[in-house]
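Only one structure is covered here, and it is reproduced in the block below.
The values are calculated or read from the model by the stated rules, or taken from the named source; none is laboratory data. All figures in this text were calculated on a predicted structure; none of them were measured in a lab. Neighbour counts run over all protein chains shown; Cβ positions are idealised from the backbone, glycine included.
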Amino acid sequence: MKFGLRVVFKFVVKLLIGTLWLPIALYRRGDGVRILCYHRVNEVPWSRLTVSTAAFQRQLAYLARHHSVVPLQAVVDAFQNGHVLPRRPVVITFDDGYRDAWLNAVPLLREFRFPATFFVATGLVGATHVGGTGRESCADELMTWDEIRELQSAGFEVGSHTVGHPILSSVPSRTQQREIEESRVVLHQMLGRRVEAFSYPSGSSGDFGETAVASVIAAGYRCACTTIDGLNCRGGNLFRLRRSNVLNEDTMLLFRYTMFGALDWMSVKDSVVGRTCQRWFRIVFGY
Ligand SMILES: [Zn+2]
């Protein structure tokens, strides 16, 4: 399936099921914390991981009006020690350390005085990322160590996203441990600060398992983020924090749906049935 068609298809599915799910979401709306997962903020069209700068600004303005943006570590403190969080808390995170997030998202975050956590893969710092599609390759630069230091000096949290960004469930246990431990050590050496947060590459339930979770705990992190949709509540697992992806197809209406919890049904993609359906979808549509 062509990329543009896929974006439209995902938009329509999210809109239709989200609209049906909205009354349930509003009825069940609880006190949990929503963690948003961004990757890139730029003007590259048809990039799956991209949110345009204008859309990102509109989303931040919405959060400023309706939510309290809090640091990820404040949520960990609240869940561990019972600290009180402000009303409707939300956390902003970025995966991969793309340079366009530094160039386009950080100035807006500073303008709104919002905290955020940036997860970087230490072995890819400063690299021109080879992954993704050809369409994205023109702007696939990742942040340099100087930029990451500036990020930290500006008050943003820097977390680990492994060394080389492998899908952890696809590599041996010892490699998983090394990726998780070594990236924390390198970040500490390069930034001079303890690293508290980890993010599983790709982050769906099939992309990491108990070995990875145990390694994250053993390495001394305080929390770890997945990309499994949903809200985080007290008593939940701090090493399997749920996040809501914000992607190319998410118009302002779908962003509102995300914040209302009307897209939390998408966590079904992380079930055994959901993963099987995705596999067949890819085979049938060449996705
Ligand atoms: Zn990643």
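Among the residues of the stretch 82-104, write down those that are away from the ligand (no atom under 16 Å from the Cβ) and either in a loop (DSSP other than H, G, I, E, B) or over 16 Å from Tyr62 (Cβ atoms) (or both).
Residues satisfying the conditions are Gly82, His83, Val84, Leu85, Pro86, Arg87, Arg88, Leu103, Asn104.
Can you pull out the residues in the stretch 36-65 that are surrounded by fewer than 21 Cβ atoms within 10 Å (Cβ to Cβ), over 15 Å from Pro115 (Cα atoms) and modelled with pLDDT of 90 or more?
Within the stretch 36-65, Ser52, Thr53, Ala54, Ala55, Arg58, Tyr62, Arg65 qualify.
State whether one or more residues within the stretch 73-80 are at pLDDT 90 or above, within 15 Å of the ligand (Cβ to nearest atom) and on the phi < 0 side of the Ramachandran plot.
No, the stretch 73-80 contains no residue that is at pLDDT 90 or above, within 15 Å of the ligand (Cβ to nearest atom) and on the phi < 0 side of the Ramachandran plot.
For the stretch 150-198, give me each residue that is in a helix (DSSP H, G or I), out of contact with any Pro (no Cβ under 9 Å at 6 or more places or on another chain) and among the hydroxyl-bearing types (Ser, Thr, Tyr).
Ser153, Ser169, Ser170, Ser173, Ser183
Val84 - would you say it is over 22 Å from Tyr257 (Cβ atoms) and without any contact (Cβ under 8 Å) to a residue 12 or more places away in the chain?
Yes.
Which residues, counting only those in the stretch 136-158, are farther than 26 Å from Glu43 by Cβ and in contact (Cβ under 8 Å) with a residue 60 or more places away in the chain?
Matches in the stretch 136-158: Glu157 only.
Could you list, in sequence order, the residues of the stretch 188-215 that are hydrophobic (A, V, I, L, M, F, W, C) and within 15 Å of the ligand (Cβ to nearest atom)?
Ala197, Phe198, Phe208, Ala212
Output yes when any residue across the stretch 25-32 is at pLDDT below 95, out of contact with any strand residue (DSSP E or B) (no Cβ under 7 Å at 6 or more places or on another chain) and surrounded by 17 or more Cβ atoms within 10 Å (Cβ to Cβ), and no when none is.
The answer is yes, given that some residue of the stretch 25-32 is at pLDDT below 95, out of contact with any strand residue (DSSP E or B) (no Cβ under 7 Å at 6 or more places or on another chain) and surrounded by 17 or more Cβ atoms within 10 Å (Cβ to Cβ).
Is it the case that the stretch 159-180 has a residue that's more than 16 Å from the ligand (Cβ to nearest atom), within 25 Å of Val76 (Cα to Cα), touching a residue at least 24 places away in the same chain (Cβ under 8 Å) and surrounded by fewer than 17 Cβ atoms within 10 Å (Cβ to Cβ)?
Within the stretch 159-180 (the criterion being more than 16 Å from the ligand (Cβ to nearest atom), within 25 Å of Val76 (Cα to Cα), touching a residue at least 24 places away in the same chain (Cβ under 8 Å) and surrounded by fewer than 17 Cβ atoms within 10 Å (Cβ to Cβ)), the answer is no, since none of the residues qualifies.
Scanning for something surrounded by fewer than 20 Cβ atoms within 10 Å (Cβ to Cβ) and farther than 18 Å from Ala262 by Cα, does the stretch 7-22 turn up at least one residue?
Taking every residue of the stretch 7-22 in turn, at least one turns out to be surrounded by fewer than 20 Cβ atoms within 10 Å (Cβ to Cβ) and farther than 18 Å from Ala262 by Cα.
Looking at the stretch 111-129, I want the residues that are within 15 Å of Trp145 (Cα to Cα) and among the charged types (D, E, K, R) and have a partner that is at pLDDT 95 or above and within 11 Å of the ligand (Cβ to nearest atom) with Cβ atoms under 6 Å, at least 6 apart or on another chain. Which pairs are those?
As it stands, the answer is none, since no pair meets every condition given.
Select from the stretch 111-120 the residues that are under 14 Å from Glu157 (Cβ atoms) and outside any loop (DSSP other than H, G, I, E, B) and write down the one among them that is farthest from the ligand (Cβ to nearest atom).
For the stretch 111-120, the residue satisfying everything is Thr117.
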